[in-house]
1. Return only the number of the condition from (1) within 17 Å of residue 115 (Cα to Cα); (2) touching a helix residue (DSSP H, G or I) at 6+ places or on another chain (Cβ under 7 Å) that residue 186 does not satisfy.
2. State which residue pairs qualify: first residue within 13 Å of residue 98 (Cβ to Cβ) and inside the range 9-20, second residue surrounded by 12 or more Cβ atoms within 10 Å (Cβ to Cβ) in any location, beta carbons under 6 Å apart, and separation of 6 or more residues or different chains.
3. Got at least one residue in the range 182-191 being at pLDDT 85 or above and part of a helix (DSSP H, G or I)?
4. Return only the number of the condition from (1) touching a helix residue (DSSP H, G or I) at 6+ places or on another chain (Cβ under 8 Å); (2) crowded, with 16+ Cβ neighbours inside 10 Å that residue 33 does not satisfy.
5. For a quick check of your reading of the model, give me the residue pairs whose first member lies in the range 150-161 and is under 11 Å from residue 172 (Cβ atoms), whose second is surrounded by 15 or more Cβ atoms within 10 Å (Cβ to Cβ), with beta-carbon atoms closer than 7 Å and at least 6 apart or on different chains.
6. Does any residue in the range 73-89 that is part of a helix (DSSP H, G or I) come within less than 6 Å, Cβ to Cβ, of a residue that is modelled with pLDDT under 90 six or more places away or on a different chain, and which pairs are these?
7. Does residue 104 meet the test of being more than 10 Å from the chain's Cα centre (by Cα) and without any contact (Cβ under 8 Å) to a residue 40 or more places away in the chain?
């Protein structure tokens with residue numbers, strides 16, 4: 001069964017593994033390995049390696065694309081692109097949850113859409129691609145997700161930050177004011193504050209999406225959303 005799932009995922013990836021066991025391991029959660037009594041390897045070691053490969057690729061991309069940004073700002077952008085929330089979104093885009101090997105308990109409790117499990121599996125998949133096909137293969141897999149997320153993140157939040165920075169005394173902060181739904185289907189409401197004043201409010205299925213909507217509303221209030 002796992003071989004069939006791996007083959008289908010290969011088709012979605014557009015890449016055939018020379019060592020398919022790497023892919024099978026990347027898809028194997030600890031809950032499955034524990035129930036399999038040691039006959040299957042889980043993906044935690046691959047997750048460790050994938051995290052490092054992801055950091056290198058994203059760092060190189062940001063360094064080349066943002067030549068005038070200081071180190072601190074590059075670090076903050078990188079953190080937003082490689083956090084659990086972002087990786088969960090990437091995994092959902094890929095439909096990665098369909099292919100995971102989960103223990104019975106995780107299966108019943110919604111593990112296929114659990115953010116932490118999917119984010120970890122996405123990193124493990126990066127490592128599997130890296131080990132099987134090298135850094136260029138891993139980079140070609142990662143960058144489309146990162147480019148799209150980076151472009152979205154710059155749309156409204158960065159624009160609002162640029163506007164506010166024109167006055168050094170002004171400060172912008174985002175605050176989650178409402179959070180509903182189960183862990184695997186959260187809904188967030190976020191307010192953006194300029195100093196102590198709420199200037200925008202947004203909602204979405206991730207904090208990042210809600211922050212974008214709040215920043216958009218703030219820019220619309222300023223008459224700047226289309227600039």
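The values are calculated or read from the model by the stated rules, or taken from the named source; none is laboratory data. Note that the structure is a prediction, hence the values are computed from the model and not measured. All Cβ positions, glycine included, derive from the backbone under ideal geometry; neighbour counts span all protein chains shown.
1. (2)
2. Matching pairs, first to second residue: 9/99.
3. Checked the range 182-191: no residue is at pLDDT 85 or above and part of a helix (DSSP H, G or I).
4. Residue 33 satisfies all of (1) touching a helix residue (DSSP H, G or I) at 6+ places or on another chain (Cβ under 8 Å); (2) crowded, with 16+ Cβ neighbours inside 10 Å except (1).
5. 157/211; 157/212; 157/215; 160/172; 160/215; 160/218; 160/219; 161/172
6. Pairs that qualify, where the first residue is part of a helix (DSSP H, G or I) and the partner is modelled with pLDDT under 90, are 81/149; 85/206; 85/208; 86/149.
7. Criteria not met by residue 104.
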